[in-house]
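K.L.:
Structure provided below as structure tokens; questions to follow.
Bear in mind these aren't lab numbers, they're just calculated from the coordinates by the rules spelled out. Please read these numbers as outputs of a predicted model, since none were measured by experiment. Here the Cβ positions follow ideal geometry from the backbone for every residue, glycine too, while neighbour counts run over all protein chains shown.
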Amino acid sequence: GGSVFGNHQTTVDNLSKGVEIELNYQPTKNWNLTLNYSHVRATHTNIDPVSQAFIGQMTAFMNGPGGQIRAWGNGDNNQIAGNWNSSIAYPYTVLLNQLGKEAPEVAPWRLNLITTYTVDHGLLKGGFVGGAFREEAGRIIGYKYDPTFKNSNANDPNYAAIPGIVTGGLNVDQIYRGNNDTHVDLWVGYGRKLTNKINWRIQLNVKSVGEKDKLVASRVNPDGNIALARIQEGAGYQLTNTFEF
């Protein structure tokens with residue numbers, strides 16, 4: 001993240017374990033059904049040890065005499081220690097607390113159900129219609145503030161001088177989770193041979209049927225109010241006309 005100290009990056013490993021199941025069923029020769037379900041347990045497992053040592057030492061330095069230097073002009077409340085703690089030490093503490101916990105970036109499970117029916121006789125021969133149901137579990141979008149929560153680095157002497165590090169902070173066991181993301185898609189089309197060497201196919205796809213553009217919470221403050229939202233696109237239409245030869 002950015003601060004008066006510049007931009008900072010570190011590395012963290014994600015360990016994912018899970019299962020994926022896919023079932024295919026054909027009730028009739030021209031009707032196909034596919035069910036796909038995946039469940040994953042993704043956790044943060046490791047943070048760059050060099051960064052851990054560096055930030056710990058710098059935090060101790062900034063909360064000592066070194067942090068008394070003023071960042072911008074004069075004023076008793078303008079020491080760089082405050083900026084270091086708010087922009088680096090506190091967010092980094094949350095990252096340390098997340099080790100072994102569910103990773104916010106990964107949906108715990110996904111479900112897809114897809115079906116297509118093709119007409120193989122009569123006036124509508126070559127026509128087809130289908131649909132899909134898609135659902136994705138909500139991700140972690142925030143944590144509640146807990147004044148009694150003990151942070152994972154509470155016993156590290158480098159952080160001992162910072163208020164809110166020993167106890168108090170974002171409780172990674174009390175999460176805010178976003179809503180499940182659910183959509184329905186439909187398609188209809190027609191295909192036939194124009195000649196022995198040319199196949200023609202036309203298809204209309206409707207994605208996210210009946211939906212409108214809307215804002216969806218992607219991050220919330222510790223009190224539950226929205227901190228950041230993303231635009232989720234509503235229904236979309238696509239018409240394709242294909243010749244194969």
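K.L.:
So the label point goes 7 Å from the Cα of F133 along Cα→C-beta, right? Which residues of the stretch 22-44 then have their backbone N under 18 Å from it?
P.N.:
22-27, 32-39
K.L.:
How about the stretch 52-146: which trypsin sites (Lys or Arg not before Pro) there lie in a loop by DSSP and see at most 12 other Cβ atoms within 10 Å?
P.N.:
In loop regions of the stretch 52-146 (DSSP not H, G, I, E or B), the sparsely surrounded trypsin sites (Lys or Arg not before Pro) are K125.
K.L.:
So how far apart, in nm, are the two label points at D223 and R70 if each is 7 Å from Cα heading toward Cβ?
P.N.:
Inter-label distance under the simple model: 3.1 nm.
K.L.:
Taking semi-axes √(5λ) of the Cα gyration tensor in Å as the quantity of interest, determine which of (i) 54, 19, 16; (ii) 40, 21, 15; (iii) 36, 21, 20 was computed from the displayed structure.
P.N.:
Entry (i).
K.L.:
So which trypsin sites (Lys or Arg not before Pro) in the stretch 16-65 end up in coil per DSSP with only 11 or fewer other C-beta atoms within 10 Å?
P.N.:
Counting only loop positions with at most 11 other Cβ atoms within 10 Å, the trypsin sites (Lys or Arg not before Pro) in the stretch 16-65 are K29.
K.L.:
Continuing with this model, one more query. Taking the chain as a Gaussian network, where each spring joins two C-alpha atoms under 10 Å apart, which residue of G82, G169, G138 fluctuates the most?
P.N.:
G82
K.L.:
How much length, in nm to one decimal, is gained on full extension between K193 and S87, taken as 0.36 nm per residue of separation minus their Cα-Cα distance? Can you show the working numbers first?
P.N.:
On the way: separation 106, 0.36 × 106 = 38.16 nm, distance 6.41 nm.
31.8 nm is the gain from fully extending K193 to S87.
K.L.:
Calculate, in nm to one decimal, what L99 and K125 gain on full extension: separation in residues at 0.36 nm each, minus their alpha carbon distance. Don't skip to the answer; put the middle values down first.
P.N.:
Numbers: separation 26, 0.36 × 26 = 9.36 nm, distance 5.73 nm.
Working it through step by step, the gained length comes to 3.6 nm.
K.L.:
Working out 0.36 nm times the residue gap between R41 and I231, then minus their Cα-Cα distance, what length gain in nm do you get to one decimal? Could the numbers behind the result be given before it?
P.N.:
Values: separation 190, 0.36 × 190 = 68.40 nm, distance 2.69 nm.
Contour length minus Cα-Cα distance gives 65.7 nm.
K.L.:
Continuing with this model, one more query. How many nm is it between the label spots at V12 and V216, if each spot is 7 Å from the Cα in line with the beta carbon?
P.N.:
Using points 7 Å along Cα→Cβ, the separation is 2.2 nm.
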